[in-house]
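Okay, structure first, notes after.
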């Protein structure tokens with residue numbers, strides 16, 4: 001039986017940046033009662049799960065069925081991976097817009113105390129957090145350093161899978177240490193490049209799916225297994241997992257001034273569209289700037 005993915009995002013609001021963290025509030029006042037526990041106050045139940053560090057466990061049995069019903073839980077589509085890989089750290093608000101579109105980044109962002117030193121909250125963030133708690137709001141803080149590190153890692157894993165599909169051992173050999181050093185202290189690359197690359201793909205993707213759950217879900221009177229998650233980071237890596245096992249990684253358009261992320265319809269496809277391919281060909285032939293070529297040839301103009 002095929003394992004499916006069901007990902008939902010938890011709505012956030014009032015985002016701001018304090019130092020290295022995006023801070024904001026969970027819009028938990030929008031949570032509707034669960035049909036499986038209608039007698040339980042939804043906000044109180046949600047906050048109890050946060051306090052007990054058990055929020056991820058409630059996603060499959062209680063929260064998946066509430067997607068798109070109140071504005072708090074929204075279904076996350078497969079495009080999240082393309083959007084995430086296309087983010088540019090130079091655009092200062094791009095991470096904030098991503099969280100507004102796809103919801104809370106990870107479960108750990110709901111906790112004031114952090115185990116990783118690089119993600120620990122600064123004094124200004126802690127002061128903001130305490131004030132939010134006094135006002136009986138549910139705060140979160142997402143590390144920008146971790147967010148952009150994760151984006152680079154996701155792109156590296158995707159590129160590694162693409163190198164395997166092209167049988168490009170040199171590229172795979174260059175990428176393996178980048179992934180290996182992220183997760184293995186004192187990493188030493190193996191001479192068996194293809195085997196090592198597949199091992200690192202499994203390791204990297206699996207480690208980053210920190211709050212995803214495999215759970216049986218009932219539909220039309222039958223149970224089937226799903227990968228279930230309520231956090232946008234897990235949704236990114238769940239999609240990367242599916243692309244990996246389907247041997248269908250994402251690629252970046254070869255046109256120098258496009259840089260769009262796309263899914264290949266065939267293994268040798270290098271451009272996201274016929275327009276980009278044709279324009280690149282004409283530019284090579286004529287050696288002219290893009291504006292001059294598009295003015296001269298209306299067939300190359302975008303709709």
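The values are calculated or read from the model by the stated rules, or taken from the named source; none is laboratory data. None of the values given here were measured: they were computed from a predicted structure. Here Cβ is always computed from backbone atoms with ideal geometry, including for glycine, and neighbour counts include all displayed protein chains.
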Does any residue of region 108-131 turn out to be within 30 Å of residue 269 (Cβ to Cβ) and modelled with pLDDT of 95 or more? no
Assess whether residue 49 counts as being over 22 Å from residue 226 (Cβ atoms) and at pLDDT below 95. no
Quick test for you: out of 171, 213, 166, pick the one residue that is farther than 20 Å from residue 86 by Cβ, surrounded by fewer than 19 Cβ atoms within 10 Å (Cβ to Cβ), touching a strand residue (DSSP E or B) at 6+ places or on another chain (Cβ under 8 Å) and outside the structural domain of residue 262 (by TED's automatic domain parsing). 213
Could you tell me whether region 121-142 includes any residue that is surrounded by fewer than 21 Cβ atoms within 10 Å (Cβ to Cβ), under 23 Å from the mean Cα position of the chain (by Cα) and in a helix (DSSP H, G or I)? no
Residues satisfying the stated conditions in region 71-110, i.e. surrounded by fewer than 16 Cβ atoms within 10 Å (Cβ to Cβ) and over 16 Å from the mean Cα position of the chain (by Cα): 71, 90, 91, 92, 93
Checking residue 158 against (1) surrounded by 14 or more Cβ atoms within 10 Å (Cβ to Cβ); (2) over 20 Å from residue 231 (Cβ atoms), which test does it fail? (2)
For region 140-156, check the following and say yes or no: at least one residue is more than 30 Å from residue 111 (Cα to Cα), assigned by TED's automatic domain parsing to the domain that holds residue 81 and out of contact with any helix residue (DSSP H, G or I) (no Cβ under 7 Å at 6 or more places or on another chain). no
Exactly one of 155, 146, 119 is without any contact (Cβ under 8 Å) to a residue 60 or more places away in the chain and touching a strand residue (DSSP E or B) at 6+ places or on another chain (Cβ under 9 Å), and that residue is 119
Tell me which residues, restricted to region 272-294, are touching a helix residue (DSSP H, G or I) at 6+ places or on another chain (Cβ under 7 Å) and modelled with pLDDT of 75 or more. 275, 278, 279, 282, 283
